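Written out below as structure tokens is the structure these notes cover.
The values are calculated or read from the model by the stated rules, or taken from the named source; none is laboratory data. Just so it is clear, the model here is predicted, and its values are computed rather than measured. Cβ coordinates were reconstructed from backbone atoms using ideal geometry, including for glycine residues, and neighbour counts include every protein chain displayed.
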Amino acid sequence: MSYLAIFKRIIPFFLTFAAGLFIASFFVTIAAPSFQRFERGGKWRYYKSLKRENENLRRDNCRMKRELEQLRRDAENTEFKNLKLVIPEVDVEAPAPPPPPRAR
């Protein structure tokens, strides 16, 4: 194989590769990635605050469940089961609506 044949195969590949990189650069950054561990602790602090908030929410949830269970036990012990709710009857005198118009 001559050098010209190799040249004819390699040049189109590199030109296509360069065009692909150029088009891809509009959508993503092609720069080398940053391997900094925590970006000055921003992510670490954020995750730490989320973890703290989750723990507080779990603690509140458990406390509310205990309170609800206590209220249920107290309601079972009291004698409110035989009470009836008395609602007085209401009489409202209103005129009847007019009849619909006749179809022609």
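Observations on the model:
- All positions within region 21-75 that are surrounded by 10 or more Cβ atoms within 10 Å (Cβ to Cβ) and part of a loop (DSSP other than H, G, I, E, B): S25, F38, G41
- Restricting region 39-82 to residues that are of a type in the set (A, V, I, L, M, F, W, C) and over 25 Å from the mean Cα position of the chain (by Cα), the residue that is modelled with the highest pLDDT: L68
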